[in-house]
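We did not get these values from a lab; they are worked out from the coordinates using the rules stated. Being a predicted model, the structure only gives us computed values, none of them experimental. Here the Cβ positions follow ideal geometry from the backbone for every residue, glycine too, while neighbour counts run over all protein chains shown.
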Amino acid sequence: MHSSRHCLVHGPPEKRIKGFTLIELLIVIAIIGILAGLLIPSLLAAQQRSYDTGAQACAKSIESAQGLAQIDLHTYMSIGSGVGKVNRATDGVNAACKVSTMYFKDRSDITALNTTYTFDVWDKRGNKMFTLTPTSLQANVNGATVFSDTGAGGVNLP
């Protein structure tokens, strides 16, 4: 006597439940894991580069503002609040300079501002320190403020 029941997995083709085997699912999960392992580090590195690009753009805008100050006032400005200082209200300062993760260290000799200045600029989420002088903008210069991912050693733009 034949039973009228058929196994749903191994029964007649028209009655089989279609699906994936456990092995197939594990292989797909493994492939996804490998791809994620390869892509996540490069995405994080790209994100850090974008923060460094923001810090560099900020430094370049300060460089432009300093050039204008030298032409108009015959002196460079130090970082600080008030008129005649580099701060959030200074014309030409890039919006990137105004974010709370952007830090500055003014290493200028206050008595020599008529001829020179030295600023260190960095975003604590990046990994580069930009040193800005009247003649150069360089990354990770010897003697610069030590990079800090907490902002230690620097201040936000007033």
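Structure summary
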item	result
Estimated distance in nm for a label pair at residue 68 and residue 135, the labels positioned 7 Å out from Cα along Cα-to-Cβ	2.6 nm
Ordering of 54-60, 138-144 by burial proxy (mean other Cβ atoms within 10 Å per residue, highest first)	54-60, 138-144
Crossing angle, helix 22-73 versus the chain [Cα axis fit, 0-90 degrees, rounded to tens]	10 degrees
Estimated dipole of the chain in Debye, rounded to 20 [Cβ of Lys and Arg +1, of Asp and Glu -1, Cα centre]	780 debye
Local electrostatic count, residue 46, Cβ distance below 15 Å [Lys/Arg +1, Asp/Glu -1]	+1
Ordering of 20-26, 99-105, 72-78 by burial proxy (mean other Cβ atoms within 10 Å per residue, highest first)	99-105, 72-78, 20-26
Inter-part distance where segment 102-157 and segment 23-56 are each reduced to a Cα centre, Å	31 Å
Residue-wise HN-Hα coupling along segment 126-138, computed from phi with Karplus coefficients 6.51, -1.76, 1.60 (Hz; x: Gly, Pro)	x, 9, 10, 10, 9, 9, 10, 10, x, 10, 7, 9, 10
Environment charge of residue 150, counting only residues whose C-beta is closer than 14 Å and scoring Lys/Arg +1, Asp/Glu -1	+1
Reachable lysines, given that their alpha-carbon falls under 28 Å from the alpha-carbon of residue 60 and they are not under 8 places away in the same chain	85, 98, 105, 124, 128
Extension gain, residue 99 back to residue 35 (0.36 nm per residue minus Cα-Cα distance, nm)	19.7 nm
Beta bridge orientation in segment 21-139: antiparallel %, DSSP, nearest 5	90 percent
Label-point separation, residue 60 to residue 146 (7 Å along Cα→Cβ), nm	3.1 nm
Global geometry of the chain, whether rounded, prolate or oblate, following the gyration tensor of its Cα atoms and the 1.5 cut on a/c	prolate
Local net charge near residue 84, Cβ-Cβ under 15 Å (Lys/Arg +1, Asp/Glu -1)	-1
